[in-house]
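Notes follow once the structure below has been shown.
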Amino acid sequence: MKNWFRGTIAHPTEAALAWALNAFFAMLPVDGASALGGWMGRMIGPKLRVSNNARRSLARVFPELSAPEIENIVLRMWDNLGRTAGEHPHLARFDPYRKDSRVEVVGLEHLELLNDGAPALFFGGHIANWEISPLAGTKRGLTIHLVYRRANNPFFDRLVQKGREAMGGKLFPKGAEGSKDILRALKKGEHLAMLVDQKMNDGISVPFLGQHAMTAPALGQLAYRYNCHVLPVQVERLGGANFQLTLHPPLELPDSGDKQKDIETLMVTVNEQLGEWIKQRPEQWLWVHNRWPNEQEHLPK
């Protein structure tokens, strides 16, 4: 009965509202859509039950913060998420190489490494407007495919993927569904962009923001199997709908002779990199995700 309700009533209703809101955002200029989305996020988000996940996670990672300080981060997190939603139908307009660009790119010299024919894995997290992270490459003619997690609501998933078409490349879902396409692309020397900051229950346990967390090892497994460059891509919201996109130097792949140990060591480094970015701008990360086990044990005082 519950699955029937979701499939026939809840999912279509949620998707209809999302499509209508997306269409409204599309009619507005970029700044207006971003500002309206931010306002809606601030007004609605902190009141939602899922915000308790953010409060618990912030108290766990930053025990020195007071409850008002945590609440301020939660409010600004929802501002960022709302802005990201408002900007979604305008993704095609975020071209880093236009004169009136809203995206400043730092570290372009690291793209020159990709001329050797080897595939590359660009990784980032759900930080700022993470959707724009592949732009530094795709807008310079590189083929970069996106690896993504399908939304639970299939109708909403179509909306998200429609906006991502502006990023260039193909869309490969995580898991068995997209694995053949992912492997085929890497064999051809093509590149992938991945968000690797969410929990994977059957992953490996490595530190993340000072706490052990189950982490998907796929980035490391693919890097070693296909001898990939691994490039960290950081996105920062500078204010409104303006961003800095930083291409960091590629990570060195550990070579101890123990492949599984090397994969784990690489993922520790990946999580450390993500953690540094999150600490720099904690209000721009997706704290509502249950990243660590036993979240209920960490409540803000």
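The values are calculated or read from the model by the stated rules, or taken from the named source; none is laboratory data. The structure presented is a predicted model; accordingly, all values stated were derived computationally and were not measured. Positions of Cβ are backbone-derived with ideal geometry, glycine not excepted, and every protein chain shown enters the neighbour counts.
Structure values in brief
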quantity	calculated
Selected residue [over 19 Å from Pro89 (Cβ atoms) and modelled with pLDDT of 95 or more] from Leu28, Leu36, Leu58	Leu58
Residue identified as within 15 Å of the chain's Cα centre (by Cα), modelled with pLDDT under 95 and surrounded by fewer than 21 Cβ atoms within 10 Å (Cβ to Cβ) among Lys259, Lys301, Lys199	Lys199
Any pair with Cβ under 7 angstrom, 6 or more apart, that starts in the range 275-292 at a residue that is closer than 18 Å to Ala85 by Cβ and ends at one that is part of a loop (DSSP other than H, G, I, E, B) and of a type outside the set (Ser, Thr, Tyr)	Gln284/Ala128; Trp285/Gly125; Trp285/His126; Leu286/His126; Val288/Val50; His289/Gln198
Count of the range 166-195 residues which are part of a loop (DSSP other than H, G, I, E, B) and among the aromatic types (Phe, Trp, Tyr)	0
Output for the range 202-215, where each listed residue is outside any strand (DSSP E or B) and crowded, with 20+ Cβ neighbours inside 10 Å	Leu209
Qualifying residue in the range 226-239 (condition: surrounded by fewer than 17 Cβ atoms within 10 Å (Cβ to Cβ), small (Gly, Ala, Ser), outside any helix (DSSP H, G or I) and touching an Asp or Glu at 6+ places or on another chain (Cβ under 6 Å))	no
Close pairs from the range 46-58: first part of a loop (DSSP other than H, G, I, E, B), partner crowded, with 18+ Cβ neighbours inside 10 Å, Cβ under 8 Å, at least 6 apart	Val50/Val288
Wholly enclosed strands (runs of 3 or more DSSP E) of the range 62-149 bearing at least 1 residues surrounded by 20 or more Cβ atoms within 10 Å (Cβ to Cβ) and among the hydroxyl-bearing types (Ser, Thr, Tyr)	none
From the options Asn227, Asn242, Asn271, residue that is touching a residue at least 24 places away in the same chain (Cβ under 8 Å) and out of contact with any strand residue (DSSP E or B) (no Cβ under 9 Å at 6 or more places or on another chain)	Asn227
Lys162 being surrounded by fewer than 17 Cβ atoms within 10 Å (Cβ to Cβ), at pLDDT 90 or above and closer than 28 Å to Pro96 by Cβ	no
